[in-house]
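For reference, the structure is listed below as C-alpha cells.
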Amino acid sequence: MTTNKNSYKDYHFNTLKAASNKVGLKIKKGTKRNKLIENILKHDLEFPENTVLAFLLSPESSASLQKESASKAKIVKEVTKIAKEKASSKKVKVVKNLLEDEKPEPVVVQEETKEIESSFSDYDYKKMTAYKIYSPENLALLTYDQLVVLAKVHKIFKPENKTKQSLIAAIAERQYTDDFRRKSEEIMKPRAKFKARNPLKPLEDKAYVLEGIVVEVKSQVYKIKLTLVKEKPIINALFEIQTEQGQTRLLEISDILSDSLVAGYVLGREQGIEIGSFARSKNNPYSIPISEKLLGRIIDPVGRILDDPTHPLVGKQYAPMIETESKQTEKYKVFPKTQILETGIKVIDVLLPIPSGGKTGLLGGAGVGKTVVVQELINTFIKHHDGVSVFSGIGERIREGHELWEEAKELGFLDKTTFIFGQMNESPGLRLRSGFTGVKVAEYFRNNLGKNVLLFMDNIFRYMQAGSEVSSLLEKTPSAVGYQPMLVSEIGKLQERINSNNDGDITSIQAMYIPADDFTDPAAVAAFAHFDATIILSRQLAAEGLYPAVDPLVSSSKLLSTKFTSTRHINIAKETIAILEKSKSLEDIINILGFDALSEADRKTVRIARIIRKFLTQPFVVSEKFTGQKGVFVTLNDALRGMERILTGEFNHIPETYFAYVGTIEEALEKYEYDNKEEEAKLMVKEEISQEATNINI
C-alpha cells in the first residue's frame, strides 16, 4: 500500500504512535509529530507489506487501540476535573507531564468568560460534530449511544451492528469514503463572520408614560380614560390591563378619540377586564424578544411561549409593527429574482418554478392538500438549502399546529424553524398580528444574521378574515362581500414587508384558502397581485387521488421566461401545457364517442397527457407514515429529462399506472420491467405445466 504525508494528516498523534509500536517501529521519547510521520513513511517504504496505514485500516486496529485509550480517557477526565475546580498551576503541571508526548494547550483558568460571537449556529455545530473525522482511538472513547447516533446520522446503522466494536468499524469505514471526506471539508471550512449592513434596531426600554382606567366595554373593543399623559398616545400603542386576579391583558390602540380617551381591541384573552380596570402603557407598539435562540421554539404573535414556559425567550425586544429602516434610495430598490428555488417537487419545478426571494401563493379550497405541500416545502428547504424557516400559522386549527411541531421533530428540521401560532381560537386582533410577527422574525434572521429565510404563512386568507372581524368590531363600514374597507391596503402593508436585500433573501410561500373555490372573491383578487408564482390546487385532481393536486393549466409563474431559466426548460414546460390543454379539450369526445373515435394523432396526445398527469404525482417525505411509501426529492434536471422522454411518446406502450407516485423516470421503467419479468416467469410456469399435462395424457 503506497502512502504519503496526506495519508496520516487526519490521525491523532497518540494513534500514530500506538500504531507504529504495533508494526514494530520504535519511536524515541520526545519525537514530534512531523518527525514521527517522517519515520513512518521511511518504515512504509522499507516494509510495503506491513505499513502503518494498513494496520490503521485493519479490523484489529480499533480493538487494540481501544484498550490503550483507557489511560488517555483517565488523563482527560483529570484535566477536566482540574479545570472545573480551578486548580493550582502545580496540579496542572502534573497532568501535563502525563501527556508529555502530545503537549496539549496549557489549561488556563479564567475568572470570567465572555461569550464569543460565532457565525455558526447550534444546528451547524451539531452537523460539524456528525461530520468530524474521528480517529479509531477517538471512536473508541465514545459511548455506545453516541456511536449509535453517529451511525444513524450516516444511515449505516444496521440491526446486526449491535456491538460497540462493529459500530466503530462501520463508522471508520464510512469516514474513508470520498463522499464523506468531501462533505466533511465543506462543513468544516472556516466561515467569514457576517457583518450586518443594516441591522434591525431593538426597541428601547422606557418607563410607563400613559395610565388610565377602562371606562367602556363593547365586545372585544375597550375604551380607556387616561389619567396620566406624559406623551401623546400613538396608534398601535400597547396597553397592559391589570385584572383583579393579578393577570395582565394586552390591548392595542386603534383609535385616539381625544387627548384623554383612546379605544382599542384586545390581543389574546379578555377574561377579567371590566370597567374600572387599571391600564398603563409605554406608548410603544407590542414587541417580542428575538435572537437566534428563537429557532426551534413556538410563540404566539405577542411573544408568549407556547412550548416550554420553563425556558424563557432570550433576545432584545423588536416591534413587529415598525418597518425596517432603510435609506430612501434603497427602500424601493428591486432585487431581481433570477434564481429558481429547487423544491424537489416535479410539477412545481418544471411547470411552476418558485423564485428565490419572491412570493408564491398556494391556493385552493378546503381539503385539497395545501398544508401537506407547505410541510413538504419546509422539509425540503431545510435539508437541501442553506437557510432557516419561519412558519406563521394564521387562524388555523390547533391540531394542525401540533402535528407540524411533531413532524418537525421527527424529520429533523425543528432546530432551523421558528413557529408563530395565532390559531383560530384566539382573538381576531391576535390573528391579525400573526403575519407581522412572522415577517419581523424573518427580517431579523435576514438583516442581523445574514440568513436566507423561507417564510411560510398558513393561511393568508385568515389574516384578511381577522381584519374583517376587527373592522366590524370597530364599526367601520364594510365593502364588498363584508370585507373591511381597507382590504387592499392591509394586504399590501403585509406583503410589501416581504422582500430581499444585500444581506439575504426572504422567500415566502403563502397558503390561501379560497372560499367555495371562488377565485373572484375580493380576498383572492387582492392577494393575486403580490404573487410571483401562483400554484392552484384542484379539487378534481384531489378527488382522482393525484397528489400534489396542482393544476398547471390554471396556475402560473413569472419565472418561465428566458430571462430566468433555460430555453430547454421553457420549451418542455410549454409543450407539456399544450398537450394537457389539448387532452382536456378532447375529454368530451372521449366521454361521448369513446377513445377509439379519436384520430391516431389525438390518441397519441391523450396517451402522453395521461402519462404526464401520473408522472407529476409524487410521494412526499412528510406523508410517509400515512402512505407507507418513501418520499423522494427529484432534482430539476432529472424531472426535465423524464418529461422530455415522455413528450416524445417513447413510453406510450407502457400503462400510465406505472408512472404514478415515482421519483425519476427510471423508477417507473424499473417497476414495468420487474412486472414484465414476473409475468414472463408465470407464463413459462404455465407452459411447463401444460406441457407436462400433455405428456401425461399421451
Going through the stretch 219-249 in order, the residues found to be assigned to a strand (DSSP E or B), charged (D, E, K, R) and free of Cβ contacts under 8 Å to residues at least 40 places away in the same chain are Lys225, Arg249
Restricted to the stretch 296-331 and to residues being more than 21 Å from Gln423 (Cβ to Cβ) and among the hydrophobic types (A, V, I, L, M, F, W, C), the residue modelled with the lowest pLDDT is Ile322
Checked the stretch 364-401 for anything of a type in the set (D, E, K, R) and in a helix (DSSP H, G or I); matches are Lys370, Glu376, Lys383, Arg399, Glu400
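Assess whether Ser468 counts as being more than 23 Å from Ile378 (Cβ to Cβ), among the polar types (S, T, N, Q) and at pLDDT 85 or above.
So Ser468 passes the test.
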Is there a residue in the stretch 632-654 that is of a type in the set (Phe, Trp, Tyr), assigned to a helix (DSSP H, G or I) and either loosely packed, with under 15 Cβ neighbours inside 10 Å or in contact (Cβ under 8 Å) with a residue 24 or more places away in the chain (or both)? no
Note: among Leu53, Leu65, Leu16, Leu57, just one is within 42 Å of the chain's Cα centre (by Cα), at pLDDT 80 or above and closer than 25 Å to Leu167 by Cα, namely Leu16
Of the residues in the stretch 612-626 that are touching a helix residue (DSSP H, G or I) at 6+ places or on another chain (Cβ under 8 Å) and in a helix (DSSP H, G or I), the one that is nearest to Thr657 (Cα to Cα) is Lys614
A careful count of residues in the stretch 562-586 that are touching a residue at least 40 places away in the same chain (Cβ under 8 Å) and assigned to a helix (DSSP H, G or I) gives 8
Q: Inspect the stretch 487-497 for any residue being part of a loop (DSSP other than H, G, I, E, B) and either surrounded by fewer than 23 Cβ atoms within 10 Å (Cβ to Cβ) or not assigned by the TED database to the domain that holds Leu352 (or both) and give the result as yes or no.
A: yes
Conditions (1) on the phi < 0 side of the Ramachandran plot; (2) part of a loop (DSSP other than H, G, I, E, B) -> Ala609 fails only (2)
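Would you confirm whether or not the stretch 502-517 contains a residue that is part of a loop (DSSP other than H, G, I, E, B), closer than 23 Å to Thr343 by Cβ and either assigned by the TED database to the domain that holds Leu362 or of a type in the set (Asp, Glu) (or both)?
First pass over the stretch 502-517, keeping only residues part of a loop (DSSP other than H, G, I, E, B): 502-503, 505, 514.
Now drop any that are not closer than 23 Å to Thr343 by Cβ, which leaves 505, 514.
When the remaining residues are screened for being either assigned by the TED database to the domain that holds Leu362 or of a type in the set (Asp, Glu) (or both), the result is 505, 514.
Looking through the stretch 502-517, at least one residue is part of a loop (DSSP other than H, G, I, E, B), closer than 23 Å to Thr343 by Cβ and either assigned by the TED database to the domain that holds Leu362 or of a type in the set (Asp, Glu) (or both).
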### Query
Looking at Asp349, is it of a type in the set (Asp, Glu) and under 25 Å from Lys440 (Cα atoms)?
no
Original post:
Residue check: is Gln629 part of a loop (DSSP other than H, G, I, E, B) and either outside the structural domain of Lys582 (by the TED database) or surrounded by fewer than 17 Cβ atoms within 10 Å (Cβ to Cβ) (or both)?
Top reply: yes
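The values are calculated or read from the model by the stated rules, or taken from the named source; none is laboratory data. Bear in mind the structure is a predicted one, so any value in this text is a computation, not a measurement. All Cβ positions, even for glycine, are placed from backbone atoms using ideal geometry, and neighbour counts span all protein chains on display.
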